[in-house]
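Novice: Handing you this structure, nothing more for now.
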Amino acid sequence: MTDPWIVFDVTLAVGLLAVAWLSLASRDAFRMIVLFMMFGLLASLGWVRLNAPDVALAEAAVGAGITGALLLRTLSALRHEPKEPSTALPTAFIAGVLSLMITTALVVAFILAPDLATGYDRDVGARMDQSGVTNPVTAVLLNFRSYDTLLEIVVLAAALTIVLMLGSKPIALRPLGPLFVPFAKVIVPVSIIIAGYLLWLGASRPGGAFQAAAVLGAGGIVLILGRHYDPQERHGGMIRLICAIGLGGFVLAAIGAQILTGDMLRYPQGQEKIWIIIIEATLTVSVAATLAALFVGATRREGRP
Amino acid sequence: MSWAELLGVGLMGLGAVFFVAGTVGILRFPDVFSRLHAVTKADNLGLGLVAAGTGIMTADGFVAAKLALVWLLIAVSGAIGGHLIARHALRDKT
């Protein structure tokens, strides 16, 4: 007997392809972004169906939510002209050939991949008691492969650095009406509580620093949009410090672990959970500040090189 | 099928009806304001019913409380979102 979920899965897969195509084929940038956010939500449903709630949470919060906000913010700063109806044929042809090559490579990799059923599950499962946490995803991200996570934070810090160096058009805040203040009064405290909950939950169940940071960052964006907090230039140093503290703290942890155990990012035995929680809490605050700072951008100071 | 399950599925089915009605409203209504009217009602009431249904079926107080919080947050965000879109549309019109 076939699984009754197959109807849902096939609908979801077709919907994903359709929304992806509509987004790419759209001539209007706003429409394109909204469809892209919809694609993110459908993709996160797909991750739920693949039994990967951690990825689903991250995709919904970061892929659909924060990325969508950043794209809309960028659109508002662009002087947008509707795209010319026809793309130059050579460009379309080259893009088509390259896409085909990537698809072929993925298909070949999928066919040649050894033993799809197990993956890293067995290796991770065997070492879970050394990780300090009970959620295997957090164990991989913050302990077994924390080097990868460190590099992800480097990428995020680099992105913010580039935005700050290039400068961006100041955000055009419009009055949002009398209802926005009560809304912010409810949403901002709740976002802080939920971020803390997601962070704490990451040790045992789906959740963790990035999801928590996305929620916290969104709360910060609500504050900025509602003009409850106006990032002044004199706050710049403090904001940059908070944004850098995640990467800095992680690097310090790596150096500290190197001194204490002789291995980079191997936490002292028995104290793994404390190390992971401290790193994750720092990351949450720092990544949230980074996301909000990316949203606000920075105006270039005139008269300086 | 127990009474709780029957009630839960019934509430979720009723919620789905509201979602369908809201979707039809978005597709069929002529302007921004009537579309907003359709979609905010559908979201709040439909999601409330679905959350109530799932809450009854899980029979776990903590999970039910979390579902209630999810509903509350979406209701608040939906209301403010609808308000902001309507404000924007009204200003563009005049």
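The values are calculated or read from the model by the stated rules, or taken from the named source; none is laboratory data. No experiment lies behind these values; they were computed from the predicted model shown. In this analysis, Cβ positions are derived from the backbone assuming ideal geometry, glycine residues included, and neighbour counts consider all displayed protein chains. Surface accessibility is based on the protein's heavy atoms, side chains included, excluding ligands, DNA and RNA. Shrake-Rupley method; radii C 1.70, N 1.55, O 1.52, S 1.80 Å.
Novice: Scanning for something over 19 Å from A:ILE66 (Cα atoms) and among the aromatic types (Phe, Trp, Tyr), does the range A:203-216 turn up at least one residue?
Specialist: no
Novice: Still on this structure, I have one more. Looking for whichever is more than 14 Å from chain A (Cβ to nearest Cβ), within 29 Å of A:GLY177 (Cα to Cα), in contact with a Gly (Cβ under 6 Å, 6 or more places away or on another chain) and surrounded by 14 or more Cβ atoms within 10 Å (Cβ to Cβ) here; the options are B:GLY25, B:GLY46, B:GLY8. Which one fits?
Specialist: B:GLY46
Novice: Right, next: How many residues does the range A:202-250 hold that are within 22 Å of B:GLY81 (Cα to Cα) and not charged (D, E, K, R)?
Specialist: The qualifying residues number 15.
Novice: Checking the conditions here, which among B:GLY78, B:GLY55 is open to solvent by less than 70 Å² (accessible area, probe 1.4 Å), under 13 Å from the mean Cα position of the chain (by Cα) and either more than 9 Å from chain A (Cβ to nearest Cβ) or among the acidic types (Asp, Glu) (or both)?
Specialist: B:GLY78
Novice: Also, I was wondering about something else. Sort out which residues of the range A:143-157 are assigned to a helix (DSSP H, G or I), at pLDDT below 85 and open to solvent by 50 Å² or more (accessible area, probe 1.4 Å), and write them in order of number.
Specialist: Within the range A:143-157, A:PHE144, A:TYR147, A:ASP148 meet the criteria.
Novice: To continue, here is another question. Considering only the range B:11-47, state which residues are under 10 Å from the mean Cα position of the chain (by Cα) and of a type in the set (A, V, I, L, M).
Specialist: B:ALA16, B:VAL39, B:ALA42, B:LEU45, B:LEU47
Novice: Related question: Answer yes or no: is there a residue in the range A:184-199 that is more than 10 Å from chain B (Cβ to nearest Cβ), open to solvent by 40 Å² or more (accessible area, probe 1.4 Å) and modelled with pLDDT under 85.
Specialist: no
Novice: Which is more than 25 Å from A:LEU198 (Cα to Cα) and either assigned to a helix (DSSP H, G or I) or touching a residue at least 60 places away in the same chain (Cβ under 8 Å) (or both), of B:LEU67, B:LEU73, B:LEU14, B:LEU47?
Specialist: On inspection, the qualifying residue turns out to be B:LEU14.
Novice: Among A:GLY219, A:GLY237, A:GLY246, which is the only one that is touching a Pro at 6+ places or on another chain (Cβ under 9 Å) and assigned to a helix (DSSP H, G or I)?
Specialist: Within the list A:GLY219, A:GLY237, A:GLY246, the selection yields A:GLY219.
Novice: With the requirement that a residue be open to solvent by 40 Å² or more (accessible area, probe 1.4 Å), assigned to a helix (DSSP H, G or I) and touching a helix residue (DSSP H, G or I) at 6+ places or on another chain (Cβ under 7 Å), what does the range B:29-38 give you?
Specialist: If the condition is that a residue be open to solvent by 40 Å² or more (accessible area, probe 1.4 Å), assigned to a helix (DSSP H, G or I) and touching a helix residue (DSSP H, G or I) at 6+ places or on another chain (Cβ under 7 Å), then B:VAL32, B:PHE33, B:ARG35 are the ones that fit.
Novice: On the given criteria, is B:PHE62 farther than 21 Å from B:ALA4 by Cα and either within 14 Å of chain A (Cβ to nearest Cβ) or at pLDDT 85 or above (or both)?
Specialist: no
Novice: While we're on this one: Out of all the residues in the range A:230-270, which are open to solvent by 80 Å² or more (accessible area, probe 1.4 Å) and of a type outside the set (Lys, Arg)?
Specialist: Within the range A:230-270, A:ASP230, A:GLU233, A:MET238, A:LEU241, A:ILE245, A:LEU252, A:ILE255, A:GLN258, A:ILE259, A:LEU260, A:MET264, A:GLN269 meet the criteria.
Novice: Also, quick follow-up: Could you please let me know if B:ARG91 is buried (at least 16 other Cβ atoms within 10 Å of the Cβ) and part of a helix (DSSP H, G or I)?
Specialist: no
Novice: Is there a residue being of a type in the set (Ser, Thr, Tyr), closer than 17 Å to A:LEU70 by Cβ, more than 14 Å from chain B (Cβ to nearest Cβ) and surrounded by fewer than 16 Cβ atoms within 10 Å (Cβ to Cβ) anywhere in the range A:158-172?
Specialist: Scanning the range A:158-172, I find at least one residue that is of a type in the set (Ser, Thr, Tyr), closer than 17 Å to A:LEU70 by Cβ, more than 14 Å from chain B (Cβ to nearest Cβ) and surrounded by fewer than 16 Cβ atoms within 10 Å (Cβ to Cβ), so the answer is yes.
Novice: Of all the residues that make up the range A:172-216, how many are within 17 Å of B:ILE80 (Cα to Cα) and assigned to a helix (DSSP H, G or I)?
Specialist: Number of matching residues: 12.
Conditions (1) within 18 Å of the chain's Cα centre (by Cα); (2) under 26 Å from A:LEU72 (Cβ atoms), marked per residue:
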{"site": "A:ALA139", "(1), (2)": "no, no"}
{"site": "A:LEU151", "(1), (2)": "yes, no"}
{"site": "A:ILE162", "(1), (2)": "yes, yes"}
{"site": "A:PRO175", "(1), (2)": "no, yes"}
{"site": "A:PHE180", "(1), (2)": "no, yes"}
{"site": "A:LYS185", "(1), (2)": "no, yes"}
{"site": "A:ALA195", "(1), (2)": "yes, yes"}
{"site": "A:LEU199", "(1), (2)": "yes, no"}
